[in-house]
Amino acid sequence: MSDLEEIEAIKRLKYRYMRCLDQKLWEELGDCFSPDARTHYGDGKYTYEGRDAILEFLRESMGADSFHSSHHVHQPEIDLTSSTTATGIWALQDVVIETKLDFTLRGAGFYEDEYVKLDGAWKIRSTGYRRVFEEFQPRKDVPGLRLTASWWGVQGKS
């Protein structure tokens, strides 16, 4: 594969990671990580080592039907460091709506990733982000605000 094809494969990996995270597709999400992967979310506040530990944290923290998230990454800066390793920086914008705890969180930041190619497929070896900003808002403070569609409640129908 050419360098551009390798970079495109890494982009698709990161996009799949985000989609699986928001759709709570834990098994498919697990396929995005190398077995020895590590994470450092929230400026390192939530650090995990090993694919199983990472997935357990994500399931527990994001698995509830009341937890709705939308993670968007863009502006990738991907560098191939060898034929089987790469690094990447991604701009992040995310929104979390937690209906049971009644809050909305919005933020932006930058992911810093390391990738490894195992058995011909790119995997995330390390991922984490640092915030540019994060804001928290109780939903009860916004008159008339209500969630009118939910993947979890009505399969995305309004």
message: Condition first: outside any strand (DSSP E or B) and closer than 30 Å to LEU4 by Cα. Now tell me which residues in the stretch 78-117 satisfy that.
response: THR81, SER82, SER83, THR84
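Could you check the stretch 5-28 and list, in sequence order, the residues that are under 19 Å from THR87 (Cα atoms) and either of a type outside the set (Lys, Arg) or touching a helix residue (DSSP H, G or I) at 6+ places or on another chain (Cβ under 9 Å) (or both)?
GLU5, GLU6, ILE7, GLU8, ALA9, ILE10, LEU13, TYR15, ARG16, TYR17, MET18
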statement: Selection over the stretch 126-144 where residues are surrounded by fewer than 13 Cβ atoms within 10 Å (Cβ to Cβ) and either outside any strand (DSSP E or B) or small (Gly, Ala, Ser) (or both) yields a count of 5
statement: VAL96 fails exactly one of (1) in contact with a helix residue (DSSP H, G or I) (Cβ under 6 Å, 6 or more places away or on another chain); (2) modelled with pLDDT of 95 or more, namely (1)
field: Among (1) under 14 Å from the mean Cα position of the chain (by Cα); (2) buried (at least 16 other Cβ atoms within 10 Å of the Cβ); (3) among the β-branched types (Val, Ile, Thr), the one test that VAL95 misses
entry: (2)
message: Looking at the structure I just gave you, is ILE89 touching a helix residue (DSSP H, G or I) at 6+ places or on another chain (Cβ under 6 Å) and either surrounded by 16 or more Cβ atoms within 10 Å (Cβ to Cβ) or modelled with pLDDT of 95 or more (or both)?
response: no
query: Quick one: is GLU56 loosely packed, with under 13 Cβ neighbours inside 10 Å, part of a helix (DSSP H, G or I) and modelled with pLDDT of 95 or more?
result: no
- line: Scanning the stretch 22-53 residue by residue, those aliphatic (A, V, I, L, M), in a helix (DSSP H, G or I) and loosely packed, with under 15 Cβ neighbours inside 10 Å turn out to be ALA53
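The values are calculated or read from the model by the stated rules, or taken from the named source; none is laboratory data. What you see is a predicted model, and the numbers here were worked out from it, not measured in a lab. Cβ sites come from the backbone with ideal geometry, for glycine too, and all protein chains shown count toward neighbours.
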